[in-house]
Amino acid sequence: MRINFFAISSIIVFVTTILISLLFLLKIKNKSIEKNIGWTCLASSMWAFGASFFALTKNELVARYWIQIAHIGIILTPTFFCHFVFEFVKKTNKKLVFILYVFSITFLFLNFFYKDFYDIKFAFNQFYLLQISFPRNIFYLIFYVLFYWIFVSYAFFLLVGFFKTSTGVERNQVKYFLLAMIIAWLGPEGMFLFAFGVPIYPYSNILIAFYPIIFIFGIFKYRLLDVNLAITRAGIFSVVYISVLGIPFWLGFHFLGIGMWLLPVSITAVLASLGPFIYQYLRRRAEDVILKEQHQYQRALRELSKTMTHIRDLDVLLKTIASSVVDLAKVSFAGFYLNDEIYKSYRLKSFYPDSDKERFQELISLD
């Protein structure tokens, strides 16, 4: 009996990508560049999750269902990765990002609700794989060319251009990103080759497990994260979730076999996995709205502190601080008294606004 290498590689890819996605998503706070790496790995784990199931069934209906689940990752992986590249090279075009996500949502809709988006064919006497024909599956062909050639190529050339102009740590990081990008692109091509009529076994699927490892190598090498803490968090999260979400699947397969119960349970598992990340995102957005004024105040104080370091004249410095405090803290007036050895008192040195001088005593006793 021939070993089902595709199923084994899919399981390896799932474990690798889900662990590393959790590492990025649970450790990084408010750093959208690194978060997009996490979302990219999480999308890849969705591909591997679905592939692990359709690689183990010879039932066409069940296979089609899991291929639809896997396509969540196939569609979103290049989406998140391109978004990551746009932000990393500091060329985030909001219109382009918007178009990218609109296309993603459109193709996700076609994946689940348009039966001719793609066909499937039993392959290698082991499992069902994609089968694309023209013009029947024209929308899938558009998706493949647009996402895996046009968008990804654009992101690749942006990275190459950034590499030529960058220096130091950023330049070294780009080396890893370029290598990871090439490997990640080659991974699903074995499946796509078969889909377009080239009868090659999708051994390349295992490559998808390596591109997150390249990111991790960059983390260790350049100390981009507190790795021990991040790995511990990701490990605990993974053990808990795999145990909690795996029990319903084990019970279902053990007592019910393969059936339609897979659909609602799978949706529940996906939503339960996404729940903590959605909660964290919404919580941060709510806190940003509620604490917006406080954050603006803090940013203004930081800018003031930078300005103060460039002022050498004491009178000008005190005047600047007093006026800034009135404006930022929304108080009516502010003044500074300094210890004066000659007068043996605190002497008024600066105040704001100038029209409120009568509010301030010239001297205040040291007592």
Fewest to most neighbouring Cβ within 10 Å: what's the order for MET181, MET308?
-> MET308, MET181
Distance in Å, no decimals, from the C-alpha centre of segment 144-171 to the one of segment 181-217 is 19
Net lengthening on full extension, GLU60/ILE200 (0.36 nm per residue, minus Cα-Cα) | 48.4 nm
Cα gyration tensor of segment 26-106 - equivalent ellipsoid semi-axes, whole Å, descending | 29, 15, 7
Direction-averaged shadow area of the convex hull around the Cα atoms of segment 48-162, nm²?
-> 7.7
Just subtract the alpha-carbon distance of TYR101 and PHE157 from 0.36 nm times their residue separation and send over the number in nm, one decimal.
-> 18.1 nm
Tell me, what ³J(HN,Hα) does each residue in segment 134-141 have, in order and in whole Hz, if you take phi through Karplus 6.51 cos²θ - 1.76 cosθ + 1.60 with θ = phi - 60° and put x for Gly and Pro?
-> 10, x, 4, 10, 4, 5, 6, 4
Interchain or long-range residues, amide H under 5 Å from LYS349's placed H | PHE336, TYR337, LEU338
Can you tell me what the convex hull of the Cα atoms of segment 308-364 projects to on average, as an area in nm²?
-> 4.4
Non-local amide H neighbours of ASP119 (under 5 Å, H modeled in plane, Pro and chain starts lacking H): which ones?
-> GLN131, SER133
Read phi for every residue in segment 333-343 and hand back ³J(HN,Hα) as whole Hz from Karplus 6.51 cos²θ - 1.76 cosθ + 1.60, θ = phi - 60°, with x for Gly and Pro.
-> 7, 8, x, 10, 10, 10, 5, 10, 5, 5, 8
How many angstrom separate the Cα center of segment 71-127 from the Cα center of segment 300-367?
-> 58
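Throughout, read-outs are computed from the coordinates displayed, never taken from laboratory work. This is a predicted model, so every value here is computed, not measured. For neighbour counting, all protein chains shown are included, and Cβ atoms are generated from backbone atoms with ideal geometry for every residue, glycine included.
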